[in-house]
Structure formats: C-alpha cells, structure tokens
Amino acid sequence: MPMILFELRCPDQHHFEAWFKDGAAYDSQAAAGVIACPHCGDTRIEKALMTPRLAKARGAALDVPEVMGEVRKALVSLKKTVQENCDYVGERFPEEARKIHYGETEARGIYGKATSEEARELEDEGVSVQRLPWVSEGN
C-alpha cells in the first residue's frame, strides 16, 4: 500500500515526520487531534515545508538542489505577487482579517504576521487565511 511521509511541527516548532495513507488521512487525524508531537505531546500539529522526494523516471532520482531552486523561485514569485496585490497590515493581521470577515471594513487582500495560535483561531472562526513561507529574495 502506498504511503506518504509528511514533515510536521507543533506550535513550539518541534519538527517530526509521520507516515499516512494519503493527505485525507492526515487531514482527518489532525482535525481529530490524534497526532501528537513526540517532544511535547501537543496535538495542535501542522504540516511543515519539506524537501520533496521525487523521481524523474523509474530509478532516476531528481537533483534535489535543482528542484529546491525551482520551488524557491516559485515562492519568491508568489511573495512578489502578494506584495503587489495586497495591503501589508503587519502585526494587525488577525484584527484586520476579522474586520474583513465580519464586514466591518472593505473586502481586500491583506498580508501580515500572525502566530500559529492566532491563525488557528481565525480558521476556527471561519476566517479564510493561508500561511505562506516568506522567503528572502537573496540566497
């Protein structure tokens, strides 16, 4: 049976790996709180960015630095798109996201900073948020 390996982390930034039948199995187990950090026992777990293990063809491994370079380029491009099309609200992100969600201010794209706990609280309220790896443009 094929399995998928995810790099996971808890709010204290402890990283660990776990195997799942598929992405849906991870999602249901994470939502049920049955995945626990082996370091601290916290069950508030999320996926962490990880290096893909891909193959070009049967038996021929991809050049991981090359793949990561392409991933990095895509993340830099995403960052630029967000910066050009959304308003930066900094530490006020949770407050501004709630105002937009509840119709207290105009709907618009925003980006800023939120802790994992703040992002989780927004998601629990039904506020649509997306966490992005914010890469620097240099090496």
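Listing for the model above:
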{"item": "Residue in segment 77-91 that is modelled with the lowest pLDDT, counting only those that are closer than 25 Å to Glu7 by Cβ and surrounded by 13 or more Cβ atoms within 10 Å (Cβ to Cβ)", "result": "Leu78"}
{"item": "In segment 92-107, the residues that are among the charged types (D, E, K, R) and surrounded by fewer than 11 Cβ atoms within 10 Å (Cβ to Cβ)", "result": "Glu104, Glu106"}
{"item": "Count of residues meeting criterion [in contact (Cβ under 8 Å) with a residue 60 or more places away in the chain and hydrophobic (A, V, I, L, M, F, W, C)] in segment 1-52", "result": "1"}
{"item": "Residue ID - farthest from Thr115 (Cα to Cα), chosen from residues in segment 1-17 that are surrounded by 14 or more Cβ atoms within 10 Å (Cβ to Cβ), of a type in the set (A, V, I, L, M, F, W, C) and out of contact with any helix residue (DSSP H, G or I) (no Cβ under 8 Å at 6 or more places or on another chain)", "result": "Phe16"}
{"item": "Candidate set from segment 111-135 (those that are of a type in the set (S, T, N, Q) and assigned to a loop (DSSP other than H, G, I, E, B)); member that is farthest from Gly90 (Cα to Cα)", "result": "Ser128"}
{"item": "Within segment 1-18, tally of residues that are within 18 Å of the chain's Cα centre (by Cα) and either in a helix (DSSP H, G or I) or more than 22 Å from Leu75 (Cβ to Cβ) (or both)", "result": "6"}
{"item": "In segment 108-127, residue surrounded by the most Cβ atoms within 10 Å (Cβ to Cβ) [restricted to those that are of a type outside the set (D, E, K, R) and farther than 26 Å from Arg72 by Cβ]", "result": "Leu122"}
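The values are calculated or read from the model by the stated rules, or taken from the named source; none is laboratory data. The model shown is predicted, which means the values in this text are computed figures rather than measured ones. With ideal geometry, Cβ positions are generated from the backbone for all residues, glycine too; neighbour counts draw on all protein chains shown.
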